[in-house]
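A short reminder: the numbers here are calculations on the coordinates, not readings from a lab. Fair warning: this is a prediction, and the values are worked out from it, not measured in the lab. Counting neighbours? That spans all protein chains shown, and the Cβs are built from the backbone with ideal geometry, glycine included.
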Amino acid sequence: MKKLLCIAILSGLVGCNAGNNSADVRKHLKAQAAALPACATAAAQEFSVPEKLFKAMALAEGGTVSAPSPEARNSYGPMGLGAPAIPLMAKGLGVLEAAVKDDACTNYRAAAWWYANKSVENGQRDDVWATVTRFYYGSASREAAPATERVKKIYAEL
């Protein structure tokens, strides 16, 4: 639990005065999830991404427009989308790259679209955690996937 609290504090999800027990962490994570904009939930629904999972992913990224992904310096928006994927996401949504980078709601839509497109492997819908790993790393076959583990921990607390 201390590891989750440290992740939550470092991610800006819980203030340092939040207490050191799982009830405090859970309470703050749920409040943060509830505070995500309606367009985040709408994006998850539009692309059939499980809402709780999408919220956990958003919280893992900090959930704010200026929050960078801990794994990538060139990341954009509340979902910390990586620069190399931005052109593909923009094309898939039929929007400008700048909108994916700078508009929070378009950023949520792009992330949901990317997740939906990463959820099918060899014509079959994959396990959600394999999809989350592919979302972050491009491949589900990774020995270590810290971003996926971060999302799993937050998901378990929501």
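What are the aspartates and glutamates whose alpha-carbon lies under 12 Å from the alpha-carbon of Lys52, with same-chain residues fewer than 8 places away excluded? Filter leaves Glu157. As a length-normalised measure over Cα pairs under 8 Å and 6 or more apart, the relative contact order of region 89-158 settles at 18 percent.
Counting other Cβ atoms within 10 Å as a rough exposure proxy, the listed residues Leu29, Leu158, Leu36 run Leu158, Leu36, Leu29 from fewest neighbours to most.
Listed cross-link partners Lys55/Lys101; Lys27/Lys91; Lys118/Lys153 are compared with a 29 Å cut-off, the Cα-Cα value being larger for Lys27/Lys91.
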